[in-house]
Amino acid sequence: MGPTLLGVINKEIRHCCLCVKSVGCAVVFEGTLTGKSIELAKILQKRRVNIVYVQEIRWVGSRARDADRYKLWYLGVQKGKNGVGILVDRELRESVVEVRRVNDRLIIIKLVIGECTLNVVSAYALHVGLDEEVKQRFSEGLDEIVRQVPPAEKLFIGGDFNGHIGSTASSFSEVHGGFGFGERNGVGTSLLDFAMAFGLVIANSSFRKRDGHLVTFQNAVAKTQIDYFLLRKCDRGLCKDCKVIPGGILAMQHRFLVMHVGIMLKRRKRSTRGRKRIRWGALTKNKAQALEGQLSAMRAWRSSGDASTMWSATIDCIREAAREVLGVSTGVSGGHK
């Protein structure tokens, strides 16, 4: 099976900002997720992963289910084949505002965290040699998803693309960071073309790593890089690191691909305008004497009439004198959310 995992978010207050850190992983499994979810959850918690992309889960249905401390949204059509999903930990599950299941190879969720909107796409591309018409539908579906994400929102795509982008950037220096693995093939070229068309970069290729931190799939005869994280060029500064974790794997052939993302959500200053208030807090001994003199001059204690009239007249005198002696507020209070 091919899960791809992205983590978001451990929150902590630092000075005037909300520092949002994310740790992400991409993993590919052979076989169903059933029976592995508990082991997977333990690894995710250890790595402090918050959002998880999964592919080839091999479950049938369009549902949401709990998986230990995570919630999984998934779609599967054919038993024992394909299926994609996204897990979100309990810190962020309430931040999910939309889930769109495109097909059993594409799913997208939208999260709103403060003023930041994240669009997380889990993708599972077809293997080389499969039906070209099905490949075309996958490409068109992914293109449509990316087009529908507004430019102001963050976009993270993770998954098993079953292609090799190669170890060098060549003519794709805008999207390939120059630190890939192996030789480029046709599917890898198509992925790079897709990234070029939509202004994306491939995070895997942006950091110099040993081969052991680049290879996402390995068996007895081959080592390849087929899993990738993509994000917009304007957001490439958010990606602090991206590498494969050789240990802690659930299957012999596929490995975790971890992406660290840091998002700074600035606290917005909040101001509210209300009625002006007397600055009673400014009352000192000297001002109390001044206030007493002002009230005597205004004959505040010599009103006439019934009790209600006398009380109202006295209160009006006290307020008027206090405004003159103590002053009033501007009516605007500032603060932070």
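The values are calculated or read from the model by the stated rules, or taken from the named source; none is laboratory data. Keep in mind the model is a prediction, meaning the values are calculated, not measured. Glycine gets a Cβ as well: all are built from the backbone with ideal geometry, and neighbour counts include every protein chain shown. These area figures cover heavy atoms from the full protein model, side chains too; ligands, DNA and RNA do not enter into them. Shrake-Rupley method; radii C 1.70, N 1.55, O 1.52, S 1.80 Å.
Of the residues making up segment 45-90, those that are outside any loop (DSSP other than H, G, I, E, B) and either open to solvent by 10 Å² or more (accessible area, probe 1.4 Å) or touching a Leu at 6+ places or on another chain (Cβ under 7 Å) (or both) number 25.
Among the residues here, residue 243 does not qualify as assigned to a loop (DSSP other than H, G, I, E, B), at pLDDT 85 or above, open to solvent by 20 Å² or more (accessible area, probe 1.4 Å) and not small (Gly, Ala, Ser). Among the candidates 265, 291, 295, 250, the residue that is of a type outside the set (Ser, Thr, Tyr), modelled with pLDDT under 75 and either under 23 Å from residue 156 (Cα atoms) or part of a helix (DSSP H, G or I) (or both) is uniquely 265.
Go through the residues of segment 24-43 one by one and say whether even a single one is modelled with pLDDT of 75 or more and crowded, with 23+ Cβ neighbours inside 10 Å. Scanning segment 24-43 turns up no residue that is modelled with pLDDT of 75 or more and crowded, with 23+ Cβ neighbours inside 10 Å. In the set (1) at pLDDT 80 or above; (2) open to solvent by less than 70 Å² (accessible area, probe 1.4 Å), the condition left unmet by residue 277 is number (2). Assessment of segment 149-169 against the conditions (among the basic types (Lys, Arg) and under 30 Å from residue 90 (Cα atoms)) yields at least one matching residue. Of the residues making up segment 92-131, those that are free of Cβ contacts under 8 Å to residues at least 60 places away in the same chain, open to solvent by less than 70 Å² (accessible area, probe 1.4 Å), assigned to a loop (DSSP other than H, G, I, E, B) and in contact with a helix residue (DSSP H, G or I) (Cβ under 9 Å, 6 or more places away or on another chain) number 2.
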